[in-house]
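A.B. asks: Below is a structure I'd like to ask you about.
Every number in this text was worked out from the coordinates using simple rules, so none of it is lab data. Not measured: the values here are computed from a predicted model. Glycine also receives a Cβ, built like all others from the backbone with ideal geometry; neighbour counts cover every protein chain displayed.
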Amino acid sequence: MERNNIFDDIKYQKGIGPKVGEILNQMGIYTKYDLLTYPPFRYIDRNIVEDENIKDGEYVTIFAQVITCGEIFTRKRKYIFQALAKTKKDNYIFLTWFNNRYIKNYLKKGDIALFSGKVRVKRGSFEILHPDFEIFQDDFFELINTGKIVPIYHTKSKLTQKYLRKLVFNLLKSFDRIEEDLPYEIVMRKGLVSLTDAIKNLHFPENEEKKEESLRRLKFGELFYAGLVVAKRKLEIKEKKVEKNYISKSQLVEKFISTLNFKLTNDQIKSIDDILKDLRSEKPMNRLLMGDVGVGKTVVATVAMLYAVESGYQAALMAPTEILAQQHYLKIKDWVENLGVDVELLTSSISENKRRYNQISDGSIKIVIGTHALISEGVVFKNLKLVIVDEQHRFGVIHRSSLKEKGVDVDYLVMTATPIPRSLSLAIYGDMDLSEIRERPSMQKEIKTKWVSPKGIEKMYDFIKKRIENRERVFIVCPAIEGGDEAEYESVKKVYENLSKTYLKGYKLGIIHSRLSPKDREKVMLELKEGIIDVLVGTTIIEVGIDVKEATVMVILSAERFGLSQLHQLRGRVGRGEKQSFCFVVSSEGITDDAKKRLQVFCNYNDGFKISEYDLKLRGPGEIWGKRQSGIPIFKFANFFDDFDLMKEAFKDAEKFLYSDMNLLKKENRMVRINFERRLNEKID
């Protein structure tokens, strides 16, 4: 007898075939397992309701026999099919379908059926328009669409709910038992239902309690395997021991810190201690440095790089955009060039003949900062030991690993200014040690944020003029528009020209956009910093790269068109000095309710973590971070926001389990190994 494998191609399941299989593939269903675990997005209770419990306007399922039925054509030739049925308690049901000629092929006089739909109660009889129905064919007939709680799925137009339910029902029947994919000990200890029962009650739950038990089991399974991935990476790092020659104490670091014109916060000091301790250990560093915009992560990264340099190594810092790489370069170069440390910038806009490849390969350039240009073939390091990646989730896995491969057993530090909710952090960075900077420099004041309607624009610009007269600088951000660089330039130019002739006539305005070369952008930044420009009008290119302490006002036009995280990043461009800073979000008339909620949350909170949690709730992790590039597991059942406690449990159990059988070679762990390799899409050595 042919073995029924849960991971067989769905096209080979009886009743499916290539055409239906192709549609199922478009729904993300490739195997029998995918169909068995395809989650309904809601359920309808179609359990039979007795006559005396039927109430007007409710959705009910009634058991009845068809007494008579037939077609009716109205004067305007509209088609109606009507049937009269009688319940077991001799109550009549009038059943009506408009413009559905197929019903006559399925419903006949004498048929005994279950009818489901919204009921009207009239003078002791019942009426249902367009009811779903299921006819009893014999005493052994099994109900699929009525007489129970039935699932409603997201489906393609060519696959009806009835057809998809039938596919799932028949597939469930073909398996007497589905082999467990979790360790038996964990299933028993956690009081989880079997995988067989979980899948059956996912689609056709006996009651609400069974449905919840099923969902908990399936959520835990997803989270357990996500936890195994994190535990595997963690274990690989923990087991690896490397040879390092970092010095015990760095005079270069001490000298650097003494030259700073500000005092490090306690969080910065602790983060530096964590990093230096990692560097001195016998294991490669694998650490996440998390902190909101403007809390001082770059200075911490610079300490790490100087420590590596004095120990005889090279360091590389990779940023996701050219302007952010340029900002890091200008800031770090300004800090360290008087210490005798040579720093190089590598981006795609720097021509080949200006790139100092030889000085990088002979080790005379100690720190290299750049974009993905760092991983090009021409870049060869003499002794790369420290790799720092800013905003890792904006790079692909290949980019990140390619840079690490340019050194031997490198120490790895990730920086992020994108506040990450705890659950997401556990999933993406669970294998990394965490250093968090929450404390802001004491000189910084909380930015005051105000939502401005079109009626309040004139008053806002009057306020801005006063700030300019106080020798403060202003950013004005135009919304991103479709049409590429040319359209973007025209949009910024229009705002610039309008403001020059109206509200800000007589003031010194500058313009910045993606069409400007890096050199020209740098020139504009310096002009703003030095006061040659009072107001800088630009696109979201302002979001990163411009660090001007004199800038105290951020104006975001058509703010409803921006996401919460982007609004927060833009606001972070001001408030870097000692003066009070302000952020104005200007909205258009008639914005949506979602946009209103978003702007209200933005105005209420300066805390990036609260904003990111709301953003996660609103949009989900895939849309915020990108699904493939970020390494975020995509769950069918678990929810990053609601299931954090279950996630912690599952990750803890996964780590403990993997440590007890590192290569999953024990006989009882065969199915875990198969499922894990399938999820990883690779063999476990």
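A.B. asks: Taking the alpha-carbon distance from residue 448 and a cut-off under 19 Å, which lysines remain once sequence neighbours fewer than 8 residues away in the same chain are dropped?
C.D. replies: Partners found: 459, 465, 466, 549, 579, 596, 597, 610.
A.B. asks: Another one. Sort 203, 328 by Cβ crowding within 10 Å, fewest neighbours at the top.
C.D. replies: Ranking 203, 328 by Cβ neighbours within 10 Å, fewest first, gives 203, 328.
A.B. asks: Let me make sure I get this right: for the range 312-412, a, b and c are the square roots of the gyration tensor eigenvalues over alpha carbons, sorted descending. Under 1.5 in a/c it's rounded, otherwise prolate if a/b > b/c, else oblate. Which is it?
C.D. replies: rounded
A.B. asks: Go through 117, 474, 528 and say which Cα lies farthest out towards the positive end of the charge dipole of the chain; charges sit on Cβ, +1 for Lys and Arg, -1 for Asp and Glu.
C.D. replies: Farthest along the dipole direction, towards plus: 117.
A.B. asks: Mind putting a number on the dipole of the range 251-437 about its Cα centre? Charges go on the C-beta only, +1 for Lys and Arg and -1 for Asp and Glu, and I need it in Debye to the nearest 20.
C.D. replies: Dipole of the range 251-437, to the nearest 20 debye: 120 debye.
A.B. asks: Using only the alpha-carbon atoms, how far is helix 484-501 inclined from the longest principal axis of the chain? Give it as 0 to 90 degrees, nearest 10.
C.D. replies: With rounding to tens, the tilt is 60 degrees.
A.B. asks: Among 47, 609, 315, whose Cα sits farthest toward the positive end of the charge dipole of the chain (+1 at Cβ of Lys/Arg, -1 at Cβ of Asp/Glu, about the Cα centre)?
C.D. replies: 47
A.B. asks: Sticking to Cα atoms, compute the Rg of the range 1-72 to one decimal and its Dmax as the biggest Cα-Cα distance, whole number, in Å.
C.D. replies: Using the Cα atoms of the range 1-72, the pair Rg, Dmax is 19.8, 53 Å.
A.B. asks: When the C-alpha atoms of the range 251-437 are aligned to their principal axes, what extent does each axis show, in angstrom, from largest down?
C.D. replies: Principal-axis extents of the range 251-437 (Cα, largest first): 45, 38, 34 Å.
A.B. asks: Check residue 365: other-chain or 5+ apart residues with amide H under 5 Å from its amide H, H built from backbone geometry?
C.D. replies: Sorted by chain and number, the residues that satisfy this are 360.
A.B. asks: Continuing with this model, one more query. For the range 76-225, compute Rg over Rh where Rg is the Cα radius of gyration and Rh is the Kirkwood radius from the inverse mean 1/r over Cα pairs.
C.D. replies: That ratio is 1.09, to two decimals.
A.B. asks: Now for a different question. Can you spot the aspartates and glutamates whose alpha carbon is less than 18 Å from residue 283's alpha carbon? Ignore those fewer than 8 places along the same chain.
C.D. replies: By straight Cα distance, residue 283 reaches 236, 239, 243, 273, 274, 405, 409, 411, 431, 433.
A.B. asks: Could you pull out every residue, at least 5 positions away or on a different chain, whose amide H is within less than 5 Å of the one on residue 8? Hs are placed 1.01 Å off N in the peptide plane, and Pro or chain starts have none.
C.D. replies: Those lying under 5 Å, H to H, from residue 8 are 32, 33.
A.B. asks: From the mean inverse distance of alpha carbon pairs (Kirkwood) and the Cα radius of gyration, derive Rg over Rh for the range 448-605.
C.D. replies: 0.93
A.B. asks: A further question on this structure: Any idea what diffusion coefficient the range 175-277 gets from Stokes-Einstein, in µm²/s, Kirkwood Rh on alpha carbon pairs, 37 °C, 0.692 mPa s?
C.D. replies: It diffuses with D of about 175 µm²/s by this estimate.
A.B. asks: Farthest toward the dipole's positive end in the chain, which of 92, 563, 59, given Cβ charges of +1 (Lys, Arg) and -1 (Asp, Glu) about the Cα centre?
C.D. replies: It is 92.
A.B. asks: Calculate how large, on average over all directions, the projected area of the Cα convex hull of the chain is; give the answer in nm² to one decimal.
C.D. replies: 40.3
A.B. asks: Can you give the charge dipole size of the chain about its Cα centre, rounded to the nearest 20 debye, using +1 on the beta carbon of Lys and Arg and -1 on the beta carbon of Asp and Glu?
C.D. replies: 1420
A.B. asks: Mind listing the phi-derived Karplus ³J(HN,Hα) values for the range 401-406, rounded to whole Hz, using 6.51, -1.76 and 1.60 with θ = phi - 60°, and x for any glycine or proline?
C.D. replies: 5, 5, 5, 4, 6, 7
A.B. asks: Give me the percent relative contact order of the range 448-605, please, defined on Cα pairs under 8 angstrom at least 6 residues apart.
C.D. replies: After rounding, I find 32 percent.
A.B. asks: Measure nothing but the geometry: give the 0 to 90° angle between the long axis through the Cα atoms of 608-619 and the longest principal axis through the Cα atoms of the chain, rounded to 10°.
C.D. replies: 30
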